[in-house]
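Since the structure comes first, as structure tokens, the remarks are kept for the end.
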Amino acid sequence: MPAGRSEIIPVTVTFLEMHVPPAYQPPLPVNRQIALLRTRDIPLHYYRYLADRVGRRWHWVNILRLDDEELAAGLHREDRDIRVLYLDGAPAGFFDLKPHLPEEVELAYFGLMDHATGQGLGRWFLGAAIAAAWSYRPRKVSVQTCTLDHPAALPLYQKMGFSPVAQKSENVRTMTFAERAASVMRE
């Protein structure tokens, strides 16, 4: 795709739910320096950086299109739970939980940066996100994925205990390089 033009991509969104916590927690990978830290009042520029670096290849554009007021209103809720994964001292991924839904926790965003993929972190990291979601004692944990996400996303969610409950078709308008840069480089 040319850097100066956005395009419309049709996608299938799959909605998944989990109604009981998994019995198994994947082990922490060994021989790596790994830290998972919960943020407090995450700066908007840092959240946009994380969303861009994790989601660029997968066209995570909705969150990047929000203006500062819209983004802050969602992120700076007292009950929002955003955790950043650090690998060998550098940011490597994040997950974003919305526990404020009635009896439900939504895993709104989850992913690894390119340099952290293929190292056996994904299953453990998703397990950590699921455990964090269940710590709120909901009746269910939900997540959605689409055909633009990593090909392993849907099978991994299912291996970890999520079950598909619905699908829908929609269109994603990609961001040009200039749009993405304007979003991520906001002051």
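Each peptide in 154-162, 106-114, 73-81 receives the mean, over its residues, of other Cβ atoms within 10 Å, and ordering these scores from highest gives 106-114, 154-162, 73-81. The slack between R40 and H100, meaning 0.36 nm per residue of separation minus the straight C-alpha distance, is 20.0 nm.
The relative contact order of the range 8-184 comes to 39 percent, based on Cα pairs under 8 Å that sit 6 or more residues apart. At what distance in angstrom do the alpha carbon centres of the range 71-114 and the range 148-162 lie from each other? Here the two parts' Cα centres lie 18 Å apart. For the Cα atoms of the chain, what angle does the longest principal axis make with the long axis of helix 44-55, in degrees from 0 to 90, nearest 10? Approximately 80 degrees, to the nearest ten. Model label sites at L28 and F15, defined 7 Å from Cα along the beta-carbon direction, differ in position by 3.6 nm. Residues of the range 13-30 with an amide N closer than 13 Å to a point placed 7 Å from the Cα of R123 along the Cα-to-Cβ direction: 24-30. Which whole number in µm²/s is D for the range 8-184 by Stokes-Einstein, with the Kirkwood Rh taken over Cα pairs at 10 °C and 1.306 mPa s? Approximately 95 µm²/s, per Stokes-Einstein.
The numbers here are math on the coordinates, done by the rules we state, and not lab data. All of these numbers come straight from a predicted model, not from anything done at the bench. For neighbour counting, all protein chains shown are included, and Cβ atoms are generated from backbone atoms with ideal geometry for every residue, glycine included.
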